[in-house]
Structure formats: structure tokens, C-alpha cells
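Report on the following structure.
The values are calculated or read from the model by the stated rules, or taken from the named source; none is laboratory data. Because the structure is a prediction, the values reported are computed rather than measured. Don't worry about glycine lacking a Cβ; one is built from the backbone with ideal geometry, like all the others, and counts go over all protein chains shown.
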Amino acid sequence: MRKKLIWFALLCSTVFGALLATTTTSHAAEKTYTIGTDITYAPFDFQGTDGKYTGIDIDLIKAIAKEENMKIDLKPVGFNAAVQAVEANQMDGVIAGMTITKERKQQFDFSDPYYYAGEVMAVAKGSKVKSFKDLRGKNVALKVGTQGAAYAKSIQKKYGFKITEFDQSNDMYNDVVTGNSVAAFEDYPVMAYGIQNGIKLKIVTKPAKGGNYGFAVKKGENPELLTKFNAGLKALKKNGQYDKIVAKYLGKSSVAKATATAKKQDNSLWGLVKQNTGALGGGLLQTLYLTVISIILATIFGVIIGLMQVVPAKWANWLSSTLIYIFRGMPLLVLALFIYIGVPNLTGNKISAFLAGIITLTLNEGAYTAAFVSGGIRAVDNGQMEAARSLGLPYGKAMRRVILPQGIKIMIPSFINQFIITLKDTSILSVIGILELTQTGKIIIARNLQGFKVWTIIAIMYIVIITLLTWLSKAVERRMNK
Amino acid sequence: MNAAENNNRVVVTDLVKNYGSNEVLKGLNLTVKNNEVVCMIGPSGSGKSTFLRCLNKLEDPTSGSVIVDGYDISDNKTNMNKVREGIGMVFQHFNLFPNLTVLENVMLAPIELKKADKEVATKEARALLDEVGLAEKADAYPASLSGGQEQRVAIARALAMHPDIMLFDEPTSALDPEMVGDVLDVMKKLAKQGMTMIVVTHEMGFAKEVADRVVFMADGHIMEEGDPQQLFDHPQNPRTQDFLRKVLNA
């Protein structure tokens, strides 16, 4: 038991050590600004075929950083994750096609506007819907937290339509293409760019009620960053670089180029795999890292908590029950967001998404592991412990030599099951911007809009690694049963 | 080794055991001398097994005093692991460790408690298995043994720590009838060697033949005790008479 406590202490210190390390590096002498961007918001933020993030936002912030001699570290994590990370002081700024609004000004300080975008309504290509009046009683697809969504909601009562909200632009478009919704609301440049690139929608209204895009920092933080952004933006507008950047993505020539590339692209399943080998491989590797590290830590954590559940000590039983209750009871998604967004808000310390992901999985999967570990131990006949103790063996020795070897045999199928669940659960961590397999899929789709095919590829990849993991576990099980 | 001056191995005084509001043992007094074989008989639910389990603290006495081998085990400061090394216990359902071989079952305690190095422990364990007639099963796992064989291994295992006292909790109740004889033979042999034994049993023949004293329990009380001749042939207490009439005529 003492050895196990030492392990637990080691685990804790590793986690806290990592936390501290993250904090100290971010306070290094020459400040590097961490800037969050969206990942699925072409033409402002998206991943190019070469796997690098590109778009108006990306080019603009890079040019401004160069102009102002700033060091920046771009974190393409998605709009929601980026905004929340800035609120939680996890990041310094966000540039993500973010419209300046009154509500947002209460949480953020904005730069001067760098782009004006009106809202448009888009419908399926053959649709009869021509204006807002045709929406009555119908369903409309929106993207969470966007200006388009706000605009649609402001006219919802007047025109009497229903709303479904999505996290990803592509999901919103597809909802209209498949006919679940009749229309989507989106910023004009984004919609126009998407249609150029093959989305089967058409724009039916004039840009209206638009807003200005601004670069944002947390209210009261990083004022010098805002000043530099404004100065840089001014300079770029003056020397013509700003216009060049916008034209690169929205100009006439860009349309032709985009159409040409879209046609050239091999959108067969195999073609998609070949184009995205790098991204898919990277996502797969990240998923495997997350899985392996989480399985190891969750097993250690779970076995310790599980043992605490059965030892004859009231405080340990209580602590164990409470931990299992909390971490098994909380949805993984909520736990991930709480640890990544909430904990830094409480402690003031940054924490990397990867570390937050590992902690999330360790706590959640560990709680499940603890439950079946204690169950497995309890399933061993009482007489075994009595016989061992009546020989004079102390509790710990009886546990280690007699009870655990029998209990572990009972637990093995549950362990294998839990490993597979852990692997699948890593996909939920895409919500905090970890570039694992699922997130990789979302990003590829944001660029090429081949949702069905890309999800097929991703699904096959999961099945393959789950099969391998199952074989491996069964092989271990057979060896242990010998 | 640690026997009290007056040669008493076990001294139980006013032992009470409650499960919640249910009083199972209602103030028992019993003394067992060195080399004595005591058989405890009585109807099911009379508290015999609970009494036995109080002697090595598998059950915590509610009140009263239990002194075994000179150790006061009702005192929470007493190191029970130490005391238990001197008390062998044999269970109704054998409780062999299924994850260990027969030999490892017998060797486990001596090695884990550093009473002997591996070579000596192995030699002793084999000798004990020979003693109970199972030398050839040393490398088998318990699952491949018959009930009677399992129980004899359990006895060997309990003897491995060289106990001063052996407790038997209905050792033959879970056995097929044809297996009972082998186990009882081992126990008789032990008794002849002078082992102090307390045996909870329904085997009246064994009690008559081997016991120095028979204790009859009912409803959490010791109703009557005496040498086997006297208790079986001339029971005094009406409950004893009633019980014996039922079991002996069955």
C-alpha cells in the first residue's frame, strides 16, 4: 500500500510540475503573444492543402506581427475554444472573424475594425425560398455564437422560423444541403468563399446588418498588444499590403484559382487519404498519445481509488466514493471544458490543452476504473481474506498475494473495455482544440467540404486502431490467464 | 510456548457478541487446557461458529475477555497478526487460494512472514502434505482436487506456521460422505500428537471417540459440558437430551 501511495504522490507532482512549467514558460523575458484563431472559417481561418493554416486573419496577423516586430504563437483551436481561452487567460488574443458587438465588449477589448462583413441568407441550390417571408414555420441552421446567428435570432419572431445551431460551419451548410433546414445565415465573404469552393448553396439576400471584425484581447489585459495591432493595421492599409491580402482570398483571380484547384482535386476516398496523409497521420498520432498516456494514468489512478474503496479505513472509503461520484457523474465534455477553461480562471495558471485533455481522461476513465476495481475485489469470496488473515498475514500482504491476483482476473474484461472507451473518448477532446483524429477530420472538412467521405475515412481509422488495441489486450489477457 | 502458567491455552470469560440488536453469544465462559481436544456441538444457529471465530478475532467480541496463548485478544492493542500465527484455522469451505498451487498454499504464510527461507519452507510444506497423504498433489491447483483433498491441504496449510492451537469450523460439513473419513483420520492423528484442538462439528462419532470434552451450545449459551461418555450417555439438560435424540436417531 505504501508503494502505491508513493506512486500517487509522484503522479500528482508530475501533473503539478507540468502545470508550473507551462506557467513559467509563458512568463519568459521576451514576451511571445499566444493568439487563438478559428480553424473552419474560410476564407479567414482555414487549413490549406499543405496542412498549414491560412486565410485573411492568419495572413493579416502575421503581417502585423512582422510590421510591429512582435513574436506571436498562433494557436488554431477553433472559434469557441479560442474565445474561451482568452477569457480564461489561456491565450493573449483572438483573431477569428469575430464581430465587434456590445455584449462582447463587456468581456473583451477590441482593436480597430479590420473588415466589414454583412450577413446573408443562403439556401439550397434548387430551393424555392427567396426571402425571409418564405421561412415561416421552417427550420433554419445557424452557427453557435456568430453574428449571423445573432442576426437571424433578431428577426426570428417577425418571420416565425425554427432554429438549429451547429458548432461547425460545414455541419450548418450540410444541414441545408440535406434539407433538414431550409436556410443558413452567414457572413457574406465566408458564404461566398464556400460557394466558390463547391458548397451547393446559393445566396438569396443582400448583405445586411453586418458587423465589423475586430481583433480581441481580454478586457483590461494586454493593452500594448491592441496598440500594436492598430498601428500595424494602419501601416498595412497605407502600404497596400492589406488590400493584397484580402484580394488573395476574395478577389476575382482567387475565384478562378479556387475553382481550378477544386476541379483538379481528386475527391475519391483514396484521393482524399493521399492528400491528407500528413494531417490524418498527425491526428492519429495525437489520438494514440492521448490514449496511451491516459490509459496508463487512469489505470494507476483508478486502481488506487478502487483500493481505497475496499480498505478498512472510513476516510479512504469516503474519499474514494466522493471522487468516483464526482468524476463518473460529470459528462466528459463538461469535465474537459471545466479543466481547460474553468481551472485557469480559478487558479490564474495556464494549462495546455493536451495536459487538460490528459487530466480529463485520467479523472473520468480513472473513476470508472476505480468502480470496477473495487467491484472486482469485492467479488472475491470473503473466505479468502479470512483464510489469509487467519494464517497471520497482515492486511496488505493478504491483499497483494491472495485477493488482488484473483480480483484482477475478474477485472481484465472490464479493463479491456475501459481501454477501448478511453480511445473513443479522446475524440471528445476536440472540443478544447486538441488536434486529434476527430478534430483533424473537422478541419479537413472545413477546407474540402467532403463531410461524408472524410468521416468514412476517420471512422475506418478508429475501427482499425480499436481492433489492434483489442487484439493486444486479448493477447495480454491470455498470457495472464496461463 | 506462550501458554499461561496454569497450562490454559484458551480462557474465555463472559463473552458477548452482538450483531446490531441481535445477541448471538450471551456471556460464554470456557477454558481449554494444553493438549485438550474440545468438540462443540449443538443445533444450527446456536453460535458455535461465531464463538470459534471470536477466538482468532475474525469476529470482534462485543464484550468479555478472550485470552489465547496468554494474549488478551479482546485488547485492541494486541498484535493480532502475531497471535494468529499461533492459531491454525480450518474452514467449512476450505478457502484454499485458487491462484496458488497446493504447495504454494502451504508455503505462503511461512515465506511471507519470513519464518523460513524458501528451501526450508518447501521441505516442510512437502513433509506436511505427506502427512495428510497428498504429497503427489503438490504442484496441482486447488480446482483439480476433490473436496476431501482440499480440506486436507487446508489442514496442512494451517499447520505450516506450527500453531499451538487448531480451530476447526465444521470441517466435514461441505464434504461428500465418502470423503469425510480421510479428513477425520488426519484430525485424529493430530489429536494423538497432542495438538490442542477446538472442533465445531456435527460428527458425533468423532466427538465420542476423540474429544476429551464435549460442549453443547444452544441459543447463544453453553448449556452443558462434560467428557463424551457422560454427555452422550447421560445428558442432564433437557435441550441436550432433545438434540441428541434427534441427531443420534436420524
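Inspect all residues belonging to segment A:56-66 and state whether any of them is under 21 Å from the mean Cα position of the chain (by Cα), at pLDDT 85 or above and under 28 Å from A:Ala235 (Cβ atoms). Within segment A:56-66 (the criterion being under 21 Å from the mean Cα position of the chain (by Cα), at pLDDT 85 or above and under 28 Å from A:Ala235 (Cβ atoms)), the answer is yes, since at least one residue qualifies.
Scanning segment B:22-47 for residues that are buried (at least 22 other Cβ atoms within 10 Å of the Cβ) and not β-branched (Val, Ile, Thr) returns B:Leu25, B:Leu28, B:Cys39, B:Met40, B:Gly42, B:Ser46, B:Gly47.
Among the residues making up segment B:157-178, those that are outside any loop (DSSP other than H, G, I, E, B) and either in contact with a helix residue (DSSP H, G or I) (Cβ under 9 Å, 6 or more places away or on another chain) or surrounded by 21 or more Cβ atoms within 10 Å (Cβ to Cβ) (or both) are B:Arg157, B:Ala158, B:Leu159, B:Ile165, B:Met166, B:Leu167, B:Phe168, B:Asp169, B:Glu178. For the criterion of being of a type in the set (Phe, Trp, Tyr) and at pLDDT below 95, B:Phe206 passes.
Applying the criterion of at least 3 residues that are under 30 Å from the mean Cα position of the chain (by Cα) to the helices (runs of 4 or more DSSP H) found wholly in segment A:365-482 leaves A:404-425, A:437-448, A:451-481.
Condition (residue is of a type in the set (D, E, K, R), buried (at least 20 other Cβ atoms within 10 Å of the Cβ) and modelled with pLDDT under 95) applied to segment B:140-156: is it met by at least one residue?
Kept after step one, since they are of a type in the set (D, E, K, R), are these residues of segment B:140-156: B:150, B:152.
If we keep only those that are buried (at least 20 other Cβ atoms within 10 Å of the Cβ) as well, we get B:150, B:152.
Restricting the remaining residues to those that are modelled with pLDDT under 95 gives none.
No, there is no match, as no residue in segment B:140-156 is of a type in the set (D, E, K, R), buried (at least 20 other Cβ atoms within 10 Å of the Cβ) and modelled with pLDDT under 95.
Quick check on segment A:356-379. Is at least one of its residues surrounded by fewer than 16 Cβ atoms within 10 Å (Cβ to Cβ) and either within 14 Å of another protein chain (Cβ to nearest Cβ) or within 30 Å of A:Gln84 (Cβ to Cβ) (or both)? Yes, that holds for at least one residue. Of the residues making up segment A:443-453, those that are within 26 Å of A:Val86 (Cβ to Cβ) and in contact with a Gly (Cβ under 8 Å, 6 or more places away or on another chain) are A:Ile445, A:Arg447. Just one of the numbered conditions (1) surrounded by fewer than 21 Cβ atoms within 10 Å (Cβ to Cβ); (2) within 14 Å of chain B (Cβ to nearest Cβ); (3) among the basic types (Lys, Arg) is not true of A:Arg389: (1). A:Asn349 meets the conditions (1) in contact (Cβ under 8 Å) with a residue 60 or more places away in the chain; (2) within 14 Å of another protein chain (Cβ to nearest Cβ); (3) not aromatic (Phe, Trp, Tyr) in every case but one. The failed one is (2).
Going by the conditions given, is B:Glu225 charged (D, E, K, R), exposed (fewer than 14 other Cβ atoms within 10 Å of the Cβ) and in contact (Cβ under 8 Å) with a residue 12 or more places away in the chain?
no
Results for (1) at pLDDT below 95; (2) touching a helix residue (DSSP H, G or I) at 6+ places or on another chain (Cβ under 6 Å); (3) not basic (Lys, Arg), shown as yes or no for each residue.
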| residue | (1), (2), (3) |
| --- | --- |
| A:Ala298 | no, yes, yes |
| A:Phe301 | no, yes, yes |
| A:Gln309 | yes, yes, yes |
| A:Pro312 | yes, no, yes |
| A:Trp318 | no, no, yes |
| A:Arg328 | yes, yes, no |
| A:Leu333 | yes, yes, yes |
| A:Leu337 | yes, no, yes |
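One line per residue, one yes/no per condition, for (1) of a type outside the set (A, V, I, L, M); (2) out of contact with any helix residue (DSSP H, G or I) (no Cβ under 7 Å at 6 or more places or on another chain):
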| site | (1), (2) |
| --- | --- |
| A:Lys162 | yes, yes |
| A:Phe166 | yes, no |
| A:Asn180 | yes, yes |
| A:Ala183 | no, no |
| A:Gly198 | yes, no |
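Restricting attention to segment B:54-97, the residues that are part of a helix (DSSP H, G or I) and either surrounded by fewer than 20 Cβ atoms within 10 Å (Cβ to Cβ) or of a type outside the set (D, E, K, R) (or both) total 6.
Summed over segment B:107-141, the residues that are closer than 18 Å to A:Pro394 by Cα, more than 10 Å from every other protein chain (Cβ to nearest Cβ) and outside any loop (DSSP other than H, G, I, E, B) give a count of 1. Looking across segment B:45-68, just one residue is facing chain A (nearest Cβ under 9 Å) and of a type in the set (A, V, I, L, M), and that is B:Leu58.
Considering A:Pro312, A:Pro331, which residue is surrounded by fewer than 19 Cβ atoms within 10 Å (Cβ to Cβ) and closer than 18 Å to A:Gly357 by Cα? After ruling out the rest, the residue left standing is A:Pro331. Filtered by the rule that a residue be over 17 Å from B:Met195 (Cβ atoms) and more than 10 Å from chain A (Cβ to nearest Cβ), segment B:69-105 gives B:Gly70, B:Tyr71, B:Asp72, B:Ile73, B:Ser74, B:Asp75, B:Asn76, B:Lys77, B:Thr78, B:Thr101, B:Val102, B:Leu103. Name the residues in segment A:69-117 that are at pLDDT 90 or above, surrounded by fewer than 21 Cβ atoms within 10 Å (Cβ to Cβ) and acidic (Asp, Glu), would you? Selection gives A:Asp73, A:Asp109, A:Asp112.
Specify the residue that is farthest from B:Lys114 (Cα to Cα); the eligible residues are those in segment A:392-414 that are within 13 Å of chain B (Cβ to nearest Cβ), of a type in the set (A, V, I, L, M, F, W, C) and surrounded by fewer than 22 Cβ atoms within 10 Å (Cβ to Cβ). So that I can check it myself, show each step before the final result.
Start the filter on segment A:392-414 by keeping residues that are within 13 Å of chain B (Cβ to nearest Cβ), which leaves A:392-410.
The next check asks that each one be of a type in the set (A, V, I, L, M, F, W, C); those that pass are A:393, A:398-399, A:402-404, A:408, A:410.
Pick out the ones that are also surrounded by fewer than 22 Cβ atoms within 10 Å (Cβ to Cβ) and you get A:399, A:404, A:408, A:410.
Working: A:Met399: 17, A:Leu404: 21, A:Ile408: 26, A:Ile410: 30 Å.
Per the criteria, the residue is A:Ile410.
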